[in-house]
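K.L.:
First the structure, which I've put down as structure tokens, then a few questions once you've had a look.
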Amino acid sequence: MPISYTERIRRLSDRSDDELFTAIGASVRSEYPEPDELAGLGLDSLEPLAAIGRDIYRRISRELNALICGANATDQEREKLMRMLSLTDNALCAGLTGFLVSSFGLSVEVAGILSILLLRLIIRPGRDALCEYWSSTL
């Protein structure tokens, strides 16, 4: 029987950062099994799965930082994302997952894992000073 999205997020949230980075790498590698497909994304197929996951996390983190904190972000885009920050963690993960899928074309699995990492590593530590803290991590 398939598990609910909320249960999947709860189970993934219990994993370590390294396990989540590895899961991202494994998911992307399974979506793009040929080395030239990964190379087309700027990824090295010989890298460990965790390294691929970290690279994807860094890329998405930079893009979201530019969108939320950068001068080119529209007020509407920024307001939509900032409203999500006031949600519960599960609701925030669900909203952020949907945003990542629709904005970046990520798979739901990768977007869900990235949402957990973004919540854990960026959003929770600096909700009030989000842009300042986030920029310092890039």
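What follows draws every value from the coordinates through simple rules; no lab data is involved. This structure is a prediction, so every number in the text was calculated from the model and none was measured. Glycine also receives a Cβ, built like all others from the backbone with ideal geometry; neighbour counts cover every protein chain displayed.
K.L.:
Kindly write out, for the range 33-45 in residue order, the coupling ³J(HN,Hα) from the Karplus curve 6.51 cos²θ - 1.76 cosθ + 1.60 (θ = phi - 60°), rounded to whole Hz, with x marking Gly and Pro.
P.N.:
x, 8, x, 6, 5, 5, 4, x, 8, x, 10, 9, 5
K.L.:
Most exposed first by the Cβ proxy, i.e. fewest other Cβ within 10 Å, how do Cys69, Cys93 rank?
P.N.:
Cys69, Cys93
K.L.:
In nanometres, what is the gap between the two model label sites at Leu121 and Asp18, each 7 Å from Cα along Cα-to-Cβ?
P.N.:
1.4 nm
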